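Report on one structure; see the data block that follows.
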Amino acid sequence: MQSNSPSSPLLSLPGAVPAEGRDEGVAAHYGDLFREQRALAGGSGFVDLSHRGVVAVTGSDRLSWLHLLITQHVTELPAGQATEALVLTANGHVEHAMYLVDDGETVWMHVEPGTRGELIAYLESMKFFYRVEVQDRTDDFAVVWLPAGSIAEAPDGVVVRETAYGRDLFLPRADLEKFAAGHGPAAGVLAYEALRVEGRRPRLGFETDHRTIPHELGWIGSAVHLQKGCYRGQETVARVQNLGKPPRRLVFLHLDGSEVLLPPSGTPVRLAADGPDGRQIGFVTTSVRHHELGPIALALVKRNVPVDAELMAGDTAAAQEVVVEQ
């Protein structure tokens, strides 16, 4: 899915190379991928995520209303506390992923590029008699990410969503260039993605497909609260949690560093012991080059694949680490 957000003015910075695909509209990198990764890992610099959608929900019923629609418990969400949540289909498949914070008056959320229109349409259809207003603020606000350990201060009045791995700033879009001038160096989304894969964090549209359920990606707990009332798709969540196991699981792959090319998203994964004609037992979801770990990837594999099995991602040898237990 392509982004429908405004292209970032930071694409005019020296060395900026535009990203493609779902991350179109911001820079993939600014000329030195590994330098940018090292800066972020060391707690300096920022990443322009202004291609992401920004949605705001206001009104006195905003938290109790959202609580009925999403997988997270938010009725008593403290102001300033970050959380994340999903919207599921009636069959329990992941449809939307939202990254939220409430500032005491408004719930701010950012979402994947190109998804905000469908999300807003769903939220609008569920308003009924609740005192809420849903607003698309993407044209007015841009998401900027500061890495964990950054000592940079957010500009006055800017809403901040702080997590263990960094801070999301909901920055006025008109202030992007001014922010960049005072908070460099800029790092591209490829550096951000490398750290995301290292952190085993799934991403909608990358680690998900039309049949993904939350258990497969480790979203239980972080984005799905098991002790809350009804929401669309809850029956599937409860059934898998209490009576069964998900059909697939997310794994982290260390890829053979001697290969020149990374296996792209969708590359079949097989058991190495079965040889090149072996049956497919999964597929690569995201592959990146990491400044310390070398080529790494996330993949979805069948639940019953032995956790110590050597794998092949296309023609590339891969050693797996468990992300989601069998």
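The values are calculated or read from the model by the stated rules, or taken from the named source; none is laboratory data. Worth saying up front: this structure is predicted, and the values here are computed from it rather than measured. Counting neighbours? That spans all protein chains shown, and the Cβs are built from the backbone with ideal geometry, glycine included. These accessible areas exclude ligands, DNA and RNA; they are computed on the full protein's heavy atoms, side chains included. Shrake-Rupley method; radii C 1.70, N 1.55, O 1.52, S 1.80 Å.
Return a yes/no flag: does the stretch 38-45 have any residue that is part of a loop (DSSP other than H, G, I, E, B), farther than 24 Å from H183 by Cβ, open to solvent by less than 60 Å² (accessible area, probe 1.4 Å) and not aliphatic (A, V, I, L, M).
There is no residue in the stretch 38-45 that is part of a loop (DSSP other than H, G, I, E, B), farther than 24 Å from H183 by Cβ, open to solvent by less than 60 Å² (accessible area, probe 1.4 Å) and not aliphatic (A, V, I, L, M).
Give the residue, chosen from V160, V189, that is aliphatic (A, V, I, L, M) and either open to solvent by 20 Å² or more (accessible area, probe 1.4 Å) or at pLDDT below 95 (or both).
So the residue among V160, V189 that is aliphatic (A, V, I, L, M) and either open to solvent by 20 Å² or more (accessible area, probe 1.4 Å) or at pLDDT below 95 (or both) is V160.
Within the stretch 247-262, take every residue that is open to solvent by 20 Å² or more (accessible area, probe 1.4 Å) and either touching a helix residue (DSSP H, G or I) at 6+ places or on another chain (Cβ under 9 Å) or of a type in the set (D, E, K, R) (or both) and give me the one that is nearest to E76 (Cα to Cα).
Here the answer is P247.
What residue, of A27, A19, is open to solvent by less than 20 Å² (accessible area, probe 1.4 Å) and in contact with a strand residue (DSSP E or B) (Cβ under 6 Å, 6 or more places away or on another chain)?
A19
If G233 passes every condition in (1) without any contact (Cβ under 8 Å) to a residue 60 or more places away in the chain; (2) touching a Leu at 6+ places or on another chain (Cβ under 6 Å) but one, which one does it miss?
G233 satisfies all of (1) without any contact (Cβ under 8 Å) to a residue 60 or more places away in the chain; (2) touching a Leu at 6+ places or on another chain (Cβ under 6 Å) except (1).
For V57, are the conditions met, namely being touching a helix residue (DSSP H, G or I) at 6+ places or on another chain (Cβ under 7 Å) and within 17 Å of Y130 (Cα to Cα)?
yes
Within the group L119, L86, L77, L123, which residue is touching a residue at least 60 places away in the same chain (Cβ under 8 Å), closer than 16 Å to T58 by Cα, crowded, with 19+ Cβ neighbours inside 10 Å and touching a helix residue (DSSP H, G or I) at 6+ places or on another chain (Cβ under 8 Å)?
Of the residues listed, the single one that is touching a residue at least 60 places away in the same chain (Cβ under 8 Å), closer than 16 Å to T58 by Cα, crowded, with 19+ Cβ neighbours inside 10 Å and touching a helix residue (DSSP H, G or I) at 6+ places or on another chain (Cβ under 8 Å) is L123.
Which numbered condition in (1) more than 30 Å from R239 (Cα to Cα); (2) touching a Lys or Arg at 6+ places or on another chain (Cβ under 7 Å); (3) buried (at least 21 other Cβ atoms within 10 Å of the Cβ) is the only one that S60 fails?
Result: S60 fails condition (3) only.
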